[in-house]
Structure formats: C-alpha cells, structure tokens
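To start, the structure under review is shown below, and the notes come after it.
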Amino acid sequence: MDHSAAIVEIAGRDSVAAAVLAAREHRFRTLVPTIAFTGTETGDREAPLRAVDVLRAILGERVDVRDPVALSDTALWSAMNARPAGELLQRFGVCSPCLACHLYLHLLRVPLAWSHGNAPVISGERDSHDGRIKLSQTPASIDAATRVMAHAGVELLQPVRAASGAEIAELVGSLWNDDAEQLGCQLSGNYMDFDGSVNYDEAGYSRYLAGYFEPVGRAVIDAWRAERDGAPATEFNAVVRRVLEG
C-alpha cells in the first residue's frame, strides 16, 4: 500500500536519521513525529522537541513535519515490564525491562497509525551500534517487533537498520548537537556488567522472544481491536497473565 504520510518514532539521533532517509526513499509528504514516554525518563525532556526541530530543518519545505504527538500508557508499561519480571526470569532466564519496553514503544504508535489509514511507522533501530550490544535492539528482536507490528497491519520501517555511526552522522549533518543533553532512562544499563560488557543466555533470549515478546505484543493489539468493536477498556495485567498462562 502506498502512503503519503508516516508516523515517526522520535528519540535521539538515529530516529532523526531514519526519518530523513525514509522521507527520501518513500517520498512521504507528511511526517507525524511522536514522542513516547514510559515513566522512567531522566534528563532533558526538551531533547525530543529539539530533535523534531532538526528534522524540520533538514527536510525543509519538501515534507510537512507536523507538531509532535506525545504518547504514554504507564499501565501498559507496568503490565508488560514490571509485574511479570519474576515470572519471566524464572521461565526464560531474562527479565530486563528494556526488552519489552522497546516493544511497548512501538505498540504505542499503533492506534495513531490506525487513525492515519494504517500509516507505516519509522523507527531508528539498528542491528549494531558500532559494536555495542543493545539487548533491546538485536537482529532477532527487531525482526520480532516487525512481525508484531505486521499483526496490527502496520509496517515498521527501519531505514537505518544496517547503517554505521558515520552514516547516521552524515544523514543528520551539522545540525545535530552531540553535546546537548539527551533524554535518558532510570533503568539504563541494567543488563550490563560493571565493566560495560553484556552477557546473556542466547537460548533463553530466543525463548523469551518466542514465548513472551511476540505473543504479548499480538495480545495487546488484539485487545485494542476488541475495544474498537465495543469491548470494555483493556486490563493489561489480565492480558499479560493470559499470555503467560498459555
């Protein structure tokens, strides 16, 4: 399906680069920036707004970059990441909140994408961050998130997925201020050893993606669909529990 508009996940530099490249490749005429919140943010809350300003400056008049839309659902975040942590650790040997949190950030864009005719969502995810491991952005988890979004009928575009840091810098140019404070997270680095290394059970991680990450994402989407058909408001803890009870 051809779209003239797309939803943009705005975070840091990678997300701006992704929006720039997607606008070039897909000739989007309208971009709707979205800023998602989890409740665990630290740092400069104006940073995402500056990122939108940079995006506007780069794209100029060629693309209509709308005013940013703020998105948050702390009940959903808690149900996916906090409440089941002990059960997830017992079952899969992994319980980092960063994993399902990243999926939560994608899911928040689904209702907005639906309201824009199933517009695609542009994400700045990358398979590798110049050698740094991010458990929330591995090739396997990006593929899994793409399948979850497809369940909603929404394409998750990842135009900078294979890009290097140098290629990202070239896309954003000199307008991006690397020294400016960025929005951070209280839970940042929770899966790292004190020396900065990342060690995890790859088999358990794969079981987690197949046994929880994808099923819970699909279940949330199905619950939202049911709401559109007149069902009561979703109780997310119940949705997650049903997924884990299988």
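The values are calculated or read from the model by the stated rules, or taken from the named source; none is laboratory data. These numbers come from a predicted model, not from an experiment. Reconstructed Cβ throughout: ideal geometry from the backbone, glycine too, with neighbour counts over all protein chains shown.
The lone criterion from (1) modelled with pLDDT under 95; (2) more than 22 Å from A19 (Cβ to Cβ) left unmet by A75 is number (1). It is to be established whether one or more residues within region 100-113 are farther than 19 Å from M149 by Cα, of a type outside the set (D, E, K, R) and either in contact with a helix residue (DSSP H, G or I) (Cβ under 8 Å, 6 or more places away or on another chain) or in contact (Cβ under 8 Å) with a residue 12 or more places away in the chain (or both). Within region 100-113 (the criterion being farther than 19 Å from M149 by Cα, of a type outside the set (D, E, K, R) and either in contact with a helix residue (DSSP H, G or I) (Cβ under 8 Å, 6 or more places away or on another chain) or in contact (Cβ under 8 Å) with a residue 12 or more places away in the chain (or both)), the answer is no, since none of the residues qualifies. Taking the criterion of being over 14 Å from P84 (Cβ atoms) and buried (at least 16 other Cβ atoms within 10 Å of the Cβ), the only residue of region 225-246 that qualifies is T234. Within region 79-90, which residues are surrounded by fewer than 18 Cβ atoms within 10 Å (Cβ to Cβ) and touching a helix residue (DSSP H, G or I) at 6+ places or on another chain (Cβ under 8 Å)? Across region 79-90, the qualifying residues are A82, R83, A85, E87. Scanning region 172-202 for residues that are under 30 Å from A57 (Cβ atoms), touching a Lys or Arg at 6+ places or on another chain (Cβ under 9 Å) and either among the aliphatic types (A, V, I, L, M) or surrounded by fewer than 14 Cβ atoms within 10 Å (Cβ to Cβ) (or both) returns V172, N177, D178, A180, L183. Checking each residue in region 1-26 for being of a type in the set (A, V, I, L, M, F, W, C), surrounded by 24 or more Cβ atoms within 10 Å (Cβ to Cβ) and in contact with a Gly (Cβ under 7 Å, 6 or more places away or on another chain) picks out A17, A18. Scanning region 187-246 for residues that are within 27 Å of V154 (Cβ to Cβ) and assigned to a loop (DSSP other than H, G, I, E, B) turns up L187, D229, G230, A231, P232, A233, T234, E235, G246. Per the conditions (1) modelled with pLDDT of 95 or more; (2) over 21 Å from L157 (Cα atoms); (3) of a type outside the set (D, E), the sole criterion not satisfied by T42 is (1).
Report whether or not V148 is touching a His at 6+ places or on another chain (Cβ under 8 Å) and in contact (Cβ under 8 Å) with a residue 24 or more places away in the chain. When the stated conditions are applied, V148 passes them. Contact map, region 231-246: first residue touching a residue at least 40 places away in the same chain (Cβ under 8 Å), second residue of a type in the set (D, E) and outside any helix (DSSP H, G or I), Cβ cut-off under 9 Å, separation 6 or more or different chains; pairs are F236/D73. Here the condition is being assigned to a helix (DSSP H, G or I) and of a type outside the set (D, E, K, R); of A162, A166, A180, it holds for A166 alone.
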